[in-house]
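Step one of this worksheet: look at the structure below.
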Amino acid sequence: MPTPLDREFVRSAARAADRTAVPLAAEPDREPAGVQHRGLARRVKTLIAAYRSPDSALHGDQRAVAAATTHLRALRAAQTLTGLFAGGDNVQSPPDSAFTVNDVCDAHVLAAGAGPELRDVTAALADIADAATGPLLTGGAHTPNHRWELSAALARLHRSFPDDRLLDRVEEWLAEGVDIDAEGLYSERSALYASHVTNPSLLLLAEVLDRPDLAAAVERNLATTLDLIRPDGTVETVHSRRQDQKHPFPLAPYLPHYRLLAIRTGRGDFSRAARLAAAGGIDDWDLLAQTLLTPDLCRALPAPDTETLPRDRYLTTARLAQRASATAHTVVYGGSDVPEHRRIRSGLACNPTFLRLFAGDAVLDAIRLTRGFFDLGPFRAADMRQLADNRYRLTETLTAAYYQPLPKDQRRDDGGYRLVDEGRFSAAMAFPDRPRDEVSHTTHVDVDLREDGADLRIDISGPRVPWALELTFRPGGVTEGAVPIGDGRWCLTTGPMTYRVGDDEIRVEAAVEAGEPLAGPDRSDILRYDPGQDYTVVGGTDATTGNGVHIGGLGPHTVTLALRARRPAPVV
């Protein structure tokens with residue numbers, strides 16, 4: 001018996017498309033102003049999908065065709081003599097143009113399938129695709145996901161305009177191997193690029209090239225992402241190497257991929273994720289076109305499975321651990337790239353947050369630790385080891401140096417020595433040629449994950465320097481037991497505090513095992529977050545926003561922290 005269609009899903013996708021397409025069709029001759037080429041192509045695709053879909057308010061409406069034609073003129077005008085598109089963050093970018101060509105090719109399939117009514121639209125799309133084929137065939141990339149976006153565009157071009165050169169170029173890119181690790185994470189470890197670029201590109205390539213191994217890679221990534229879904233319906237990004245490492249990322253963009261693979265594989269866990277991704281409603285106005293291009297998306301989902309709690313996962317490649325229960329969802333992270341590369345850089349995992357805790361509506365978004373050691377910035381673990389089930393140790397040793405006079409055979413009469421970066425700063429002092437006296441500072445953070453939170457033991461050794469632990473709670477709650485120190489910040493010495501949102505709360509208790517008493521509220525010089533000189537030298541910061549509770553002192557210190565989530569018992 002064939003699987004029934006999910007009519008409500010299709011209607012929801014049509015309503016989302018209509019929210020964009022109907023206003024455009026209402027003024028079909030209005031020239032789009034200030035819309036980049038990617039937005040123009042997506043609008044064309046959506047207008048054609050709405051014209052073709054019986055569930056759209058624009059089904060068969062010539063105003064949709066007229067609006068698509070107006071946008072196609074603007075899109076052609078944005079295409080330079082090279083065949084690439086002008087505008088966007090990158091200059092003369094084959095990958096940026098590939099995003100647009102992917103939509104152009106999908107729109108071409110939809111328009112060609114509509115018959116003579118869209119003959120002129122089909123021809124215009126073919127002209128744009130033809131002009132872009134050459135530069136995409138020879139163009140390069142500068143991020144990992146660009147390879148797959150480019151390959152998907154070439155495969156789509158071949159689908160509509162067969163050319164063996166296009167397939168040969170795709171095979172050249174794919175011969176590098178898909179950059180997915182043993183844990184199912186792509187090399188960029190980014191929810192943003194996995195959901196918007198890599199997964200959809202690999203699924204398209206799997207279909208056009210008959211490569212089930214590429215669909216299997218997507219399934220592996222989606223399976224791992226299941227364990228990264230947070231209680232607030234977002235996907236964990238603290239380990240990302242891209243810009244989403246600093247921001248919450250919604251699950252919604254994963255909807256078509258979880259849905260498609262749930263339907264094709266029968267996986268109940270993917271069905272559960274697809275339902276969760278759609279729980280807030282469908283806003284993706286591109287989804288209607290996808291239902292027409294991939295009819296499997298319209299089939300009913302298999303029965304979802306029930307999430308089993310508690311659930312534990314340690315991703316060794318990203319050094320990310322979590323424990324999820326009905327009471328608390330706790331994340332521990334020790335996978336920063338900064339200790340190895342000694343710099344803050346786009347493409348590196350730089351987020352210094354090493355723990356998060358969710359207790360329903362009460363959320364501890366970040367725990368960070370700064371030390372006043374040569375302005376080298378906050379604690380970012382260089383090593384993370386699993387000591388036992390749900391027990392982890394994060395470690396970082398910072399080293400700075402004082403340099404001795406140059407050896408006689410390295411000295412210059414003119415004093416013109418090489419300008420060298422020594423890892424902390426740069427100077428014309430030929431640092432590698434000098435003897436050095438090193439000063440070191442080591443921090444260990446032991447974390448014991450519990451069903452109701454976590455126990456931390458923080459050991460700060462080395463010279464006597466200030467340190468501060470910052471706990472950033474998501475706004476919307478009430479802080480009790482800590483001392484206000486201004487600007488939405490509090491101080492905690494020893495003793496308990498609570499952060500409460502409704503009936504949900506997080507309780508924090510600090511204690512000193514070794515070292516001086518903790519700093520009081522009068523020590524604003526200590527109780528602050530310091531992003532380090534890589535940010536401050538250019539007047540920047542990576543500080544979090546929210547309600548900050550600070551614990552600090554002058555090390556060496558050994559401090560324990562008990563974090564406990566409390567929530568009302570579920571109604572049975």
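The values are calculated or read from the model by the stated rules, or taken from the named source; none is laboratory data. Fair warning: this is a prediction, and the values are worked out from it, not measured in the lab. Cβ coordinates were reconstructed from backbone atoms using ideal geometry, including for glycine residues, and neighbour counts include every protein chain displayed. To get the accessible areas, we keep the full protein, side chains included, count just its heavy atoms, and leave off ligands, DNA and RNA. Shrake-Rupley method; radii C 1.70, N 1.55, O 1.52, S 1.80 Å.
Worth a mention:
- If you check A57, A49, A66, A41 for being in a loop (DSSP other than H, G, I, E, B), touching an Asp or Glu at 6+ places or on another chain (Cβ under 9 Å), open to solvent by less than 90 Å² (accessible area, probe 1.4 Å) and at pLDDT 95 or above, only one passes: A57.
- Picking from residues in region 552-567 that are at pLDDT 95 or above and in contact with a Gly (Cβ under 7 Å, 6 or more places away or on another chain), the one that is surrounded by the fewest Cβ atoms within 10 Å (Cβ to Cβ) is T558.
- When region 207-251 is filtered for residues that are of a type outside the set (K, R), assigned to a loop (DSSP other than H, G, I, E, B) and in contact (Cβ under 8 Å) with a residue 12 or more places away in the chain, the ones remaining, listed by number, are D227, L228, P231, D232, G233, E236, T237, V238, H239, S240, P248, L251.
- Which listed residue, of D522, D503, D534, is crowded, with 19+ Cβ neighbours inside 10 Å and among the charged types (D, E, K, R): D534
- Within region 196-206, the set of residues being open to solvent by less than 20 Å² (accessible area, probe 1.4 Å) and touching a residue at least 24 places away in the same chain (Cβ under 8 Å) comprises V197, T198, N199, S201, L202, L204, L205.
- In region 470-533, counting only strands (runs of 3 or more DSSP E) that sit wholly within it, the ones holding 1 or more residues that are within 30 Å of the chain's Cα centre (by Cα) span 478-480, 489-491, 495-501, 504-514.
- When E171 is tested against (1) more than 30 Å from R241 (Cβ to Cβ); (2) out of contact with any Gly (no Cβ under 6 Å at 6 or more places or on another chain), exactly one condition is not met: (1).
- Strands (runs of 3 or more DSSP E) lying entirely in region 287-403 (those with 3 or more residues that are over 22 Å from the mean Cα position of the chain (by Cα) and over 21 Å from Y258 (Cβ atoms)): 362-371, 383-388, 391-403
- Qualifying residue in region 294-303 (condition: at pLDDT below 95 and either farther than 30 Å from P531 by Cβ or surrounded by 18 or more Cβ atoms within 10 Å (Cβ to Cβ) (or both)): no
- Region 404-437, residues that are assigned to a loop (DSSP other than H, G, I, E, B) and open to solvent by 70 Å² or more (accessible area, probe 1.4 Å): Q404, P405, R411, R412, D413, D414, R418, F425
- Selection of first residues in region 305-323 that are aliphatic (A, V, I, L, M) and of second residues that are open to solvent by 50 Å² or more (accessible area, probe 1.4 Å), restricted to Cβ pairs under 9 Å at least 6 apart or on distinct chains, gives the following pairs, ordered by first then second residue: L309/A326; L309/E451; L320/R313; A321/D312; A321/R313; A321/Q386.
- Restricting the search to helices (runs of 4 or more DSSP H) fully inside region 110-195 and requiring at least 2 residues that are over 30 Å from L228 (Cα atoms) and open to solvent by 40 Å² or more (accessible area, probe 1.4 Å) gives 119-138, 164-174.
- Filtered by the rule that a residue be out of contact with any helix residue (DSSP H, G or I) (no Cβ under 7 Å at 6 or more places or on another chain) and of a type in the set (A, V, I, L, M), region 241-297 gives L276, A279.
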